Structures are given as C-alpha cells and as structure tokens.
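To keep things clear, I will list the structure first and then write my remarks on it.
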Amino acid sequence: MPLLMRPGNMTFLGMKVRNWLILVGLVLLGVAWVRQWPNWAILIIALLLIWLVLSFWLAGRSNYIRFVPNGDSMMAASDLNSLSPNEKVPAQATGSFSVSGYNNNVLFQPANYWQVPLGDHIVMVEQKPGKFLYQFFSADTLQSVAGGWLLYGAEPQEALAISFLSKWGPEYTKFQVYEDGEESPVPAKLTTIYLTFESESQRDRVWQTIVADARRART
C-alpha cells in the first residue's frame, strides 16, 4: 500500500499516474484476451488489475497517506510543558480542512497550531497566499492524539495524529440553528488531521498542550 501512495496523486500528461497504471493494465488484459493468451496468463493479469484498483481505492480513502503510531503516550507524563494561550507553533498539516462553505484535503501544507484562552485548539492552514482553512477541537471533542510516522513517498515523517468529533465544514453551514432553536440534525463526524513539525521539541510541546487540556477536562 505505501508504494501506491505517491503515484496516487501524481500526474503525467494531464492524467493521474494511478489512472495510467490502470489503463495499461486494461489494455494488457484486452491484448491477452484478443490474442488468446493462456488462461493462466489472463487470470494473473486480471488478478493484478483487481489488486491495483482495490489498492488505489483503499489508499484514496485515506488521501494516499498512512499513519503508523509509535506506541508512546504523553498521558503518563507528570511534567507536561504546555504552550501559553495564543502561542502559535508552525507546522505542516495533512488532512481535511474547511471554511464555512468550502472543504479541501491538504497534504503537508504550511499551518499554525495554537490554543485560545477559552480552551479551543485551532489549526489554520494556508492553502494559498491569503487563503486559509481551519479545524477546531476541544478537550470535549478530542478522541485521541498520538505520535508516530506519516507514510507518504519514500521517507516517513514524524507526526502527530489528532482525532476529534467535528461539526465544522460545508455540510454544517446550512444547519446553524433551526427556527425552534434545535441543534443541527447532521451528526458530528470523526475527523483526523496530521501535523508535522520542524523539530521534535515543537511536536512535543503541541502534544503536551493537547494532553494537558484533556487531563484537566477529565479531572
């Protein structure tokens, strides 16, 4: 699967590499059928083509990335060193980010993380100069935070995987508040974003800030 992650988003002559590979497989299968190659050869080509399509489909569901946790946990630490309120940490963000009427999946885009005094954690991604996308979470919506490696391309990247329940994005814009005051009928969705940092100390400070906030909420 990791070998297919980079071709999944790469393009060649205006078409994604994954589509070229599938097209070549289809052409080869057609040639084998027309020229009446041995049944075992046709079967092997067909199975390889099915494997290729299935692998790209599964990789596409995760935006052609894969996260491998390293098993470490900050929850057991007794000396958590949290960031100050509104102290921003530069990072690169991967995952789904939104404004109220627009959503996009980004890959290693410049971002900033910080926590506001009221407790919300914010990740702001610069999609293009002057254009930003966001994700928000809190100790109440946080589901998990883990360190590990983000697999994309040839070299794994150390990263944080942050999972939380979100009601942010285009699907929630038209359901802000009903006339009778009821909440949106659209349920919160489980969202996972990934942050990579220039240094291990930056990663740990962000990790510890999130864990410390979760610990305060639990107690």
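Data for the structure
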read-out: Extension gain from residue 42 to residue 24, taking 0.36 nm per residue of separation minus the Cα-Cα distance; value: 5.1 nm
read-out: Within-9-Å neighbourhood charge of residue 114 [Cβ basis; K, R +1; D, E -1]; value: 0
read-out: Simple spin-label estimate for residue 31 and residue 87 in nanometres, 7 Å along Cα-Cβ; value: 6.2
read-out: Residues with amide H under 5 Å from that of residue 37, placed H, sequence gap 5 or more; value: none
read-out: Gained length - residue 132 relative to residue 165, 0.36 nm times residue gap less alpha-carbon distance; value: 9.8 nm
read-out: Label-point separation, residue 143 to residue 122 (7 Å along Cα→Cβ), nm; value: 2.5
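Quick note: the coordinates plus some simple rules give every number you see, no bench work behind them. What you see is a predicted model; the values in this text were computed from it and never measured. Because the Cβ atoms are built from the backbone with ideal geometry, glycine has one as well, and the counts that use them run over all protein chains shown.
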